[in-house]
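Each remark here refers to the structure printed beneath this line.
The values are calculated or read from the model by the stated rules, or taken from the named source; none is laboratory data. It should be emphasised that the depicted structure is a prediction, and the values quoted were computed from it without experimental measurement. In this analysis, Cβ positions are derived from the backbone assuming ideal geometry, glycine residues included, and neighbour counts consider all displayed protein chains. Note: accessible area is taken over every heavy atom of the protein model, side chains too, but ligands, DNA and RNA are not part of it. Shrake-Rupley method; radii C 1.70, N 1.55, O 1.52, S 1.80 Å.
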Amino acid sequence: MLKMVALGDGAVGKTSCIMRYTQNSFGESYKATIGTNIAVKDVEIELRPGEPSVAQVVLWDLAGQPTYKDLRSRYMVGASVAFLVYDVTRPPTFLNVASWYDNFVSVSPEAVLILVANKVDRDDRIVPPEAGEMVSRWRNIEYIETSAKTGENIEQMFTKCVETAIRNEEARLGREL
Ligand code: G3D
Ligand code: MG
């Protein structure tokens with residue numbers, strides 16, 4: 001069982017990614033107002049070729065935009081993996097990636113984080129792929145481009161999160177033995 005948290009500024013598409021992934025829907029009336037929403041999903045994974053297994057993932061989606069660092073941090077505690085989303089049509093959401101990243105790493109230094117450029121279906125994209133690739137190389141994290149609207153790469157993004165998180169936990173346990 002893995003705890004996965006959604007990070008990133010307001011309206012970048014965190015909830016939409018989760019809805020697309022867990023219910024294959026987009027733009028439905030589900031709108032979070034206050035608090036934390038939790039979804040559970042069984043994910044089929046193949047850590048090594050020919051060795052399929054199932055991981056139970058608990059997805060945490062923090063509603064609203066808490067400005068209290070304290071609340072954000074409490075939400076992140078115990079996470080094995082985070083996906084950090086920005087909106088490719090809104091550069092400020094990309095610039096804030098650094099602060100989300102630092103916040104998460106300070107709370108969960110052993111966890112895995114994946115960087116997600118969302119809304120790539122839109123033709124008014126401003127943040128280029130190179131920007132995400134730069135952060136990916138700089139921080140040594142995975143980078144993926146998604147659209148919750150079309151579903152592009154959504155499944156791949158979550159599967160990558162889970163597999164990377166499990167590999168990371170295995171490596172950590174290995175070091176502790
Ligand atoms: P959040 O959970 O990060 O706050 P939401 O963001 O999932 O609530 O999405 C915010 C808005 O962006 C929603 O529009 C949603 O439909 C839209 N959106 C999310 N992902 C995508 C995407 O991949 N492509 C496009 N084109 N739009 C997306 P509204 O109009 O409901 O505010
Ligand atoms: Mg939301």
Point to revise | Any hit, the range 120-142, residues being under 18 Å from Leu2 (Cα atoms), open to solvent by less than 40 Å² (accessible area, probe 1.4 Å) and touching a residue at least 24 places away in the same chain (Cβ under 8 Å) | key: no
Study note, to complete from the structure: Filtering the range 149-177 for residues that are farther than 15 Å from Val54 by Cα, buried (at least 16 other Cβ atoms within 10 Å of the Cβ) and in contact with a strand residue (DSSP E or B) (Cβ under 6 Å, 6 or more places away or on another chain) leaves a count of 2
Revision key, fill the gap. Output for Cβ contacts, cut-off 7 Å, separation at least six or different chains, first residue touching a residue at least 24 places away in the same chain (Cβ under 8 Å) in the range 69-94, second open to solvent by 60 Å² or more (accessible area, probe 1.4 Å) and in a strand (DSSP E or B), reads Tyr75/Thr36; Tyr75/Trp60
Review point. Restricting attention to the range 1-23, and to residues there that are surrounded by 22 or more Cβ atoms within 10 Å (Cβ to Cβ) and of a type in the set (D, E, K, R), which single residue is farthest from ligand 2 (Cβ to nearest atom)?
Key: Arg20
Check your understanding: Can you tell me which residues in the range 59-94 are open to solvent by 40 Å² or more (accessible area, probe 1.4 Å) and either charged (D, E, K, R) or within 24 Å of Thr159 (Cα to Cα) (or both)?
Key -> Trp60, Lys69, Asp70, Arg72, Arg74, Val77, Gly78, Arg90
**Study point:** Criterion (under 28 Å from Gln56 (Cβ atoms), within 16 Å of ligand 1 (Cβ to nearest atom) and within 16 Å of the chain's Cα centre (by Cα)) met by exactly one of Glu142, Glu152, Glu110
**Key:** Glu152
Review point. Which residue pairs have Cβ atoms closer than 6 Å, lie 6 or more positions apart in sequence or on different chains, and pair a first residue in the range 1-16 that is without any contact (Cβ under 8 Å) to a residue 60 or more places away in the chain and within 23 Å of Gly78 (Cβ to Cβ) with a second residue that is near ligand 2 (Cβ under 8 Å from one of its atoms) and acidic (Asp, Glu)?
Key: Thr15/Asp61
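So that you can scan it fast, the table gives a plain yes or no per residue for (1) more than 16 Å from the chain's Cα centre (by Cα); (2) at pLDDT 95 or above; (3) small (Gly, Ala, Ser):
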residue: Val12; (1), (2), (3): no, yes, no
residue: Thr22; (1), (2), (3): no, no, no
residue: Gly50; (1), (2), (3): yes, no, yes
residue: Ala55; (1), (2), (3): yes, no, yes
residue: Tyr68; (1), (2), (3): yes, no, no
residue: Val88; (1), (2), (3): no, yes, no
Revision key, fill the gap. Restricting attention to the range 95-111, the residues that are free of Cβ contacts under 8 Å to residues at least 60 places away in the same chain, open to solvent by 40 Å² or more (accessible area, probe 1.4 Å) and in a loop (DSSP other than H, G, I, E, B) number exactly 1
